[in-house]
Amino acid sequence: MTSKLKAIPLSAWLGITIVTLNLLIFVFGPMLAPYGMNEIVGAPFDPPSGQFWFGLDQNGRDMFSRLLAGAQMSIGVSLAASLISFSIGLAFRWVSSLRSSVAGSIPCSRASSTPSCAFRC
């Protein structure tokens with residue numbers, strides 16, 4: 001098992017680390033945020049300090065809390081878009097594999113209507 005882990009390239013480990021950190025922010029972001037996203041906690045444009053790690057914006061809101069909330073929203077939207085596009089592509093590919101007139105000369109069976117099949121064309 002250890003030799004298989006050593007065979008994984010460094011770039012793959014870097015990608016796994018980035019995805020894991022993003023998922024941790026997505027799941028635990030609201031618990032890590034010290035203030036609400038729209039909560040006014042101080043004077044506008046206060047600089048970074050021990051209490052406000054990234055400082056405050058023009059309305060006196062904590063930038064760190066807003067960053068965590070924005071990251072969560074961004075990851076959620078990208079995940080939803082990926083799942084929707086994958087589902088639509090999978091449905092189109094499945095339909096095209098069922099109807100030979102639509103599929104033309106693309107060899108594909110119903111069982112293999114996956115994204116890997118699209119690259120064999």
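The values are calculated or read from the model by the stated rules, or taken from the named source; none is laboratory data. Just so it is clear, the model here is predicted, and its values are computed rather than measured. Quick reminder, even Gly has a Cβ in these numbers, built from the backbone with ideal geometry, and neighbours come from all protein chains shown.
In table form, for the structure just shown:
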read-out	value
Any chance residue 62 is under 25 Å from the mean Cα position of the chain (by Cα), acidic (Asp, Glu) and surrounded by 14 or more Cβ atoms within 10 Å (Cβ to Cβ)	yes
Per-region count, the range 1-46, residues within 21 Å of residue 70 (Cβ to Cβ) and part of a loop (DSSP other than H, G, I, E, B)	12
Residue list for the range 55-70, restricted to those being without any contact (Cβ under 8 Å) to a residue 40 or more places away in the chain and part of a helix (DSSP H, G or I)	63, 64, 65, 66, 67, 70
Filter result for the condition that a residue is surrounded by 11 or more Cβ atoms within 10 Å (Cβ to Cβ), within 12 Å of the chain's Cα centre (by Cα) and modelled with pLDDT of 90 or more, over 24, 68	24
